[in-house]
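Below are the structure tokens for one structure; questions will follow.
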Amino acid sequence: MAGLGVVVGGFSGGKGKLLLFAVILSGSGFFLKSTDLFSRGKPDTSATTSHKTVTSEWRDTSKSPNAMEKQSRAWGDAAVRFGMSFGIAMIAGSLLRVFFKTMLTVFLLTGLALFLLRTQGLIDPFWEDYFRSAEEASEWAATHRSSVQNFLSGYIPSVSAALIGFGFGLRK
């Protein structure tokens, strides 16, 4: 299997920029969710009484800071979901790409060895049990398809960002 240097080196250039963008997007989302950007603040005690009354009355009755704070938290939550989904899926796609390359090589070499051993009469076929269990697995997957579909439909934006990140991770 390829070393860690190959996997980390795969994030240079465009992939590195996309991954950095995902990290910045998630970080900004965490910032928007966790900070109190639109706080009402403490009333100004140094102002005159009429000015203090108008200012504190505006702070207590204005819906603008509450709406902005609510919107900030909503955007922050969306940014965290998109950024994290994209970044994690991109890393997973890159790792999966390396895994597929390695497994394809191992699979082809094993298949060649089995073919040669079978043609020489050294082994008997043993894969009938495998084909039977594969059929059972496909039947099980078909029965559970609707529950997976319902789960994924609730997370369509995050899943789309994850799929896009996964695709970029699989790209060379």
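Since every read-out is calculated from the coordinates, none of them should be taken as a lab result. Fair warning: this is a prediction, and the values are worked out from it, not measured in the lab. Note that we place each Cβ from the backbone using ideal geometry, even for glycine, and neighbour counts take in every protein chain shown.
Is segment 126-172 best put as rounded, prolate or oblate by its Cα gyration tensor, with a ≥ b ≥ c the root eigenvalues, rounded for a/c under 1.5, and otherwise prolate when a/b is larger than b/c, oblate when not? Walk me through the numbers before you get to the answer.
Values: a/c = 7.63, a/b = 1.60, b/c = 4.77.
Judged from the Cα gyration tensor, segment 126-172 comes out oblate (a/c at least 1.5, b/c at or above a/b).
Still on this structure, I have one more. What order do you get for D77, D124 when you list them from fewest to most C-beta neighbours inside 10 Å?
D124, D77
Just to verify a number: FRET efficiency for L96 and W75, C-beta to C-beta distance, R0 = 30 Å, to 0.05?
On the way: r = 31 Å, r/R0 = 1.03.
Step by step, r from the Cβ atoms, then E = 0.45.
Sketch the reach of a paramagnetic label on R171 as a point 7 Å from Cα along Cα-to-Cβ, and name the residues of segment 64-108 whose backbone nitrogen lies under 20 Å away.
Backbone N within reach: 82-101.
Give me the mean projected area, in nm² to one decimal, of the convex hull enclosing the Cα positions of segment 87-172.
On the way: hull surface 30.9 nm².
Seen from a random direction, the Cα hull of segment 87-172 projects 7.7 nm² on average.
Provide the gained length on full extension for the span F115 to K17, in nm with one decimal, where the gain is 0.36 nm per separating residue minus the Cα-Cα distance.
Working: separation 98, 0.36 × 98 = 35.28 nm, distance 4.52 nm.
The span from F115 to K17 would gain 30.8 nm if fully extended.
What nm value, rounded to one decimal, do you get for the distance between L152 and T105 when each label is placed 7 Å out toward the C-beta?
Going from the L152 label point to the T105 one covers 3.1 nm.
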